[in-house]
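I have placed the structure first, in the form of structure tokens, so that the comments after it can refer back to it.
The values are calculated or read from the model by the stated rules, or taken from the named source; none is laboratory data. Fair warning: this is a prediction, and the values are worked out from it, not measured in the lab. Positions of Cβ are backbone-derived with ideal geometry, glycine not excepted, and every protein chain shown enters the neighbour counts.
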Amino acid sequence: MGNAAEQLEPGAQMGAGFGPVDTIVPRISVEAFCTTAEFASAMQEAIKDRRMAKALCSVTMGGVERAAKRFTHTGTPNVLIVESQEGGFAMFGELEQLAQVCDVDTRVIVVGPSNDVTIYRELIRQGVSEYLVTPCSAMQVIEAIATLYSDPATAPAAKTIAVYGAKGGVGASILAHNIAWAISADVAKETILIDLDMEFGTAALDFNIETKHSLADALVDIEGLDEVKLARLLYAQNDKLRLLPAPASMGTAVVVDEEEVTALIEALRHSTDVIVLDVPHMWTPGTRAALQAADEIVLVATPDLASLRNVKTIYDYLQAERSNDAAPRVVLNQTGVQKRPEIPASDFSEILGAEIDLEIPYDGALFGSAINNGQMLSEVSGTHKGIDQLHKFAGTLLGLKSEKAGKVALPAVKGLSLKGLLGGVGKGAGKNAGGSK
């Protein structure tokens, strides 16, 4: 233990330079795991404070061990607070199990009885963001959290997901809309869906809303776009999902260019948890900007030759342009249509050089009912296996550590022979493309 000069009284924060008590905690997720009723009470009081109004918080009893079990199969929050009863260096052995499951961008605050500065310094060296000595008050907890985000630039930015079709008619838009819906409903993340198809966007139709304003209004004065203006333009679909639909008008003179897409995402990135971009199938500077800005890209294709050629070209392009980012996800939609020859998923994957992340079987009745009635797929059928897999896939886009959204069992459909068929895709070849039977 340190000497008297290196000790603090119980209830003090070990870090230096805490923010003022009027600091507002930004829109973040906070989960606390307590071992004592006293600290749990302090956390509950902190949650009720006005400074924490934007944060999504939860308090659970069980301490470090409970936290480690909780996050074995799911992602950790922006801020994780754990209370330990261990004193001295015994605390590090307990925290080791937490280190195995904690995401790299999670800020960890440890609460414990030791008031030794040596312990504090070692905790900071090992990546803990802050240490509080018990007993501590609600305001001390709030200050500890707020200080982590005292610089607005450090506030967590929304995760951006771009959904793009390999060609027209593959169902990219309806999947984008249902992914946004699933994230808001299943994971309870605040989500904003942006329809970038100015002339033919279908977000308003799929969610059955009448629009008085749209993406065009946001782009009129892109330099003056801020959270206040956006709040007036967004349509609330439920408690967690808001929409910025396209005008869907041929008379719209506004073209979404690279600077506007970037400015739009920048204006939204600190006001929500997730942004889903419904990117139209066209290759423009605006499209490239949307794909470049995304944390996750979902490429949607159907099991035919044109889709395979296009998705291969797009996939290789994005891999080259985004070498330090996650590879695009690939969804094979509308599979298993009876009496329709199609490229088997295994051949599709082999030519692409990547796994198919999700296969969705064709179901004309389900998709047709949803589209024509302005409903989400799960609203039409809550038990459809394909939709269950789609919702699981939406979770994986957020990095949730759940089972991979697997393949849906498909009816037996005779596939095309691809031996030599696409040997030159992505290389400018393809002489045999017309020779398949």
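Of the candidates Asp186, Asp206, Asp226, the single residue that is surrounded by 21 or more Cβ atoms within 10 Å (Cβ to Cβ) and in contact (Cβ under 8 Å) with a residue 40 or more places away in the chain is Asp206. The criterion of being in contact (Cβ under 8 Å) with a residue 40 or more places away in the chain, surrounded by fewer than 20 Cβ atoms within 10 Å (Cβ to Cβ), in contact with an Asp or Glu (Cβ under 6 Å, 6 or more places away or on another chain) and of a type outside the set (Phe, Trp, Tyr) holds for Pro135.
For the stretch 107-128, filtering for residues that are among the hydroxyl-bearing types (Ser, Thr, Tyr) and surrounded by fewer than 19 Cβ atoms within 10 Å (Cβ to Cβ) leaves 1. The criterion of being crowded, with 20+ Cβ neighbours inside 10 Å, in contact (Cβ under 8 Å) with a residue 60 or more places away in the chain and assigned to a strand (DSSP E or B) does not hold for Ile142. Here Leu332 passes the criteria (1) buried (at least 18 other Cβ atoms within 10 Å of the Cβ); (2) assigned to a helix (DSSP H, G or I) except the one numbered (2).
The test for being among the hydrophobic types (A, V, I, L, M, F, W, C), part of a strand (DSSP E or B) and in the same structural domain as Gly395 (by TED's automatic domain parsing) holds for Ile297. Taking His213 as the residue in question, decide whether it is in contact with a helix residue (DSSP H, G or I) (Cβ under 8 Å, 6 or more places away or on another chain) and surrounded by fewer than 19 Cβ atoms within 10 Å (Cβ to Cβ). So His213 passes the test. Taking (1) closer than 30 Å to Val25 by Cα; (2) surrounded by 23 or more Cβ atoms within 10 Å (Cβ to Cβ) in turn, Val279 satisfies each apart from (1). The sole residue among Leu308, Leu366 that is in contact (Cβ under 8 Å) with a residue 12 or more places away in the chain, in a helix (DSSP H, G or I), under 21 Å from Trp283 (Cα atoms) and not acidic (Asp, Glu) is Leu308.
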